[in-house]
Amino acid sequence: MIKAIRGTKDILPDESRRWQKIEDESRGILNTFGYNEIRTPLIEETGLFVKTVGEDTDIVKKEMFSFVDRGQRDISLRPEGTAAIVRAYLENNLYKAQTFQKFFYIGPMFRAERPQAGRLRQFHQIGIEAIGSNHPALDAEVINILIKLLEAAGLKNYQLKLNNLGCREDRKLLSKILKEAFSKRPTVRLLCDDCKRRLKANPLRMLDCKNENCKRVVKGHFKTAEYLCKDCKEHFDEVIRFLNLLKIPYLADPYIVRGLDYYTRTVFEVTAQNLGAQNAIGAGGRYDNLISDMGGPKLGACGFALGLDRMMLALTANENSMSEKNGLALFIATIGKTAYDKAFSLLNELRNDKISCDIDYENKSLKSQMRAADKMEARLVLIIGDDEIKRQEAVLRDMKTKEQTNVKFTGIVDMVKAKLE
Ligand code: HAM
């Protein structure tokens, strides 16, 4: 039997109801904050990600699903959303009508990482991008939204970690400091193989290496405040002031870098306590050079992406995670062909009135139909047999109270509506 590809996952109806609920609630919150949905293609030119996410990042070096199409174009499945949204913002001249714009997106992303719990090759993000402002209040608002989405979903044990990477010049300076510190042997010997490579190509990533040895060695050579310029320091202080105004607790962590090269100044991540190694549930930051690097005007921007698959795992691990029910209002059980025909047209009338209802499609006995209704957690069951056809009425059973009433066919829709209120 053909199986789903490793690192991909079916979201079955039982689970998808929970996804829908979280997505709906998130849309509501994002609307309140003035974010508008944007939908970009799942495939983009590979060069878009090489240029923006960064040539030396793990994502571009080893994790993209890339292929050459029939027209000899280099194409990749999107590994993240930010680059494509900035592309769409510039390509469609959205900034000409109004510079500052807020976008959100919900959808699948693709990274060829080694699959493990919480790490998939097709995963799903809810993300936001606020483009066109350098204001530190925006950073705090973006973080606030991430927290709001997590709380609305019911997540409890999480931690927000915050850092400031500085501007491009600051990043260069820090890279230089790290390179100089480790260029002298024997210090370099102490680094893991990945960090030895990072030292040459992307020294900043050494700061968030998970290897215990690297953590110890790198920490000894790096003091946060040493390299940030005055403007970046001020920006960070302001972000913190705004976070305090919103009463959002955070932990300043000078070792947060994140694996995307476009970040400048603020970077943050939210980790969930019950997720094991893959515990970053959402992450984001500022990218003040990205729009101009992509040929647009010089504009600041900030955003995040929340990993839905990881959030679902964290919620399932929480005892109080919610399980969403089908929500069927009414099941119609029938005996005989005439009753089935009557039920079939009644079903249509009820559905036209937005009442969720269903019927048997397998010629089941009445007893089995009642069992099916129970399984579907129907609140009401309408029973129609030959006698009912003769009397032009049906029996309406309340599945909770077990109370039964006879209802004329002509009054069924009104009666069902009244019972459901
Ligand atoms: P990211 O940190 O690469 O950022 O990913 C954001 C979140 O996506 C992670 O915290 C995690 O929950 C989820 N995620 C990433 N990779 C996987 C995977 N293989 N399996 C399951 N979940 C995963 C970005 O993607 C940036 N575009 C965020 C951003 C928006 N920054 C600014 N604007």
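The values are calculated or read from the model by the stated rules, or taken from the named source; none is laboratory data. The structure displayed is predicted, hence computed values, not measured ones. When we count neighbours, we look across all protein chains shown, and the Cβ atoms used for this are built from the backbone with ideal geometry, even at glycine. Keep in mind that these areas ignore ligands, DNA and RNA; they rest on the heavy atoms of the full protein, side chains included. Shrake-Rupley method; radii C 1.70, N 1.55, O 1.52, S 1.80 Å.
Brief remarks follow.
- The range 159-213 shape via C-alpha gyration tensor axes, a/c threshold 1.5: oblate
- Between 331, 392, 346, the Cα set farthest toward the positive side of the dipole of the range 330-420 (charges on each charged residue's Cβ, about the Cα centre) is that of 331.
- Length added when fully stretched, residue 116-residue 192, from 0.36 nm per residue minus Cα-Cα: 25.2 nm
- Inter-label distance for residue 366 and residue 4, nm, one decimal - labels placed 7 Å from Cα along Cα-to-Cβ: 4.1
- Most fluctuating residue given options 142, 270, 217, as computed from a GNM of the chain linking Cα atoms under 10 Å: 217
- Other residues within the sphere of radius under 15 Å centred on the Cβ of residue 249, judged by their own Cβ, net out at +2 (K and R +1, D and E -1).
- Using a simple spin-label model with pseudo-atoms 7 Å out from Cα toward Cβ, residue 168 and residue 73 lie 2.8 nm apart.
- A straight line joining the Cα centroids of the range 84-158 and the range 184-200 runs 33 Å.
- Most mobile of 231, 358, 293 in a GNM of the chain (Cα contacts under 10 Å): 358
- For the range 283-421, the fraction of 1.4 Å probe accessible surface lying on carbon and sulfur atoms is 49 percent.
- For the range 330-420, the equivalent ellipsoid derived from the alpha-carbon gyration tensor has semi-axes of 16, 16, 13 Å in decreasing order.
- The chymotrypsin sites (Phe, Trp or Tyr not before Pro) of the range 261-294 include none that meets both conditions, a loop assignment by DSSP and at most 11 other Cβ atoms within 10 Å of the site Cβ.
- In a simple Cβ point-charge model (Lys, Arg +1; Asp, Glu -1; nothing else charged), the range 330-420 has a dipole of about 180 debye relative to its Cα centre.
- Modelled FRET efficiency - R0 25 Å, residue 344 with residue 418, Cβ distances, 0.05 increments: 0.60
- Axial C-alpha extent at least 20 Å, average Kyte-Doolittle at least -0.5 - helices from the chain (DSSP): 136-153
- Summing Cβ point charges (Lys, Arg +1; Asp, Glu -1) relative to the Cα centre of the chain gives a dipole of roughly 1420 debye.
- Surface exposure of the chain, expressed per residue as accessible area with a 1.4 Å probe, stands at 51 Å².
- Cβ-based charge dipole, the chain, positive-most Cα from 229, 243, 202: 202
- Each of residue 12 and residue 61 was given a label point 7 Å from its Cα along the Cα-to-Cβ line. The distance between the two points is 3.9 nm.
- Global form of the range 149-304, assessed from the alpha-carbon gyration tensor, a/c cut-off 1.5: oblate
- Within a Gaussian network of the chain (alpha carbon springs, distance under 10 Å), most fluctuating of 238, 403, 269: 403
- Cross-link pairs 342/408; 215/247; 61/215; 354/419 - those with Cα-Cα distance over 19 Å: 215/247; 61/215
- Residue 410/residue 31 FRET efficiency (R0 45 Å; Cβ-Cβ; nearest 0.05): 0.65
- The range 225-287 and the range 36-64 have Cα centres spaced 22 Å apart.
- Share antiparallel - DSSP beta bridges, the chain, percent rounded to 5: 80
- q = 0.07, 0.11 Å⁻¹, the chain: log10 I(q)/I(0) [Debye, one scatterer per Cα]: -0.47, -0.89
- The trypsin sites (Lys or Arg not before Pro) of the range 147-202 that meet both conditions, a loop assignment by DSSP and at most 10 other Cβ atoms within 10 Å of the site Cβ, are 184.
- Helical contribution to [θ] at 222 nm, DSSP H n ≥ 4, -39,500 (n - 2.57), averaged over the chain, rounded to 500: -12000 deg cm²/dmol
- Ligands, DNA and RNA left out, the 1.4 Å accessible surface of the range 176-231 is 52% carbon and sulfur atoms.
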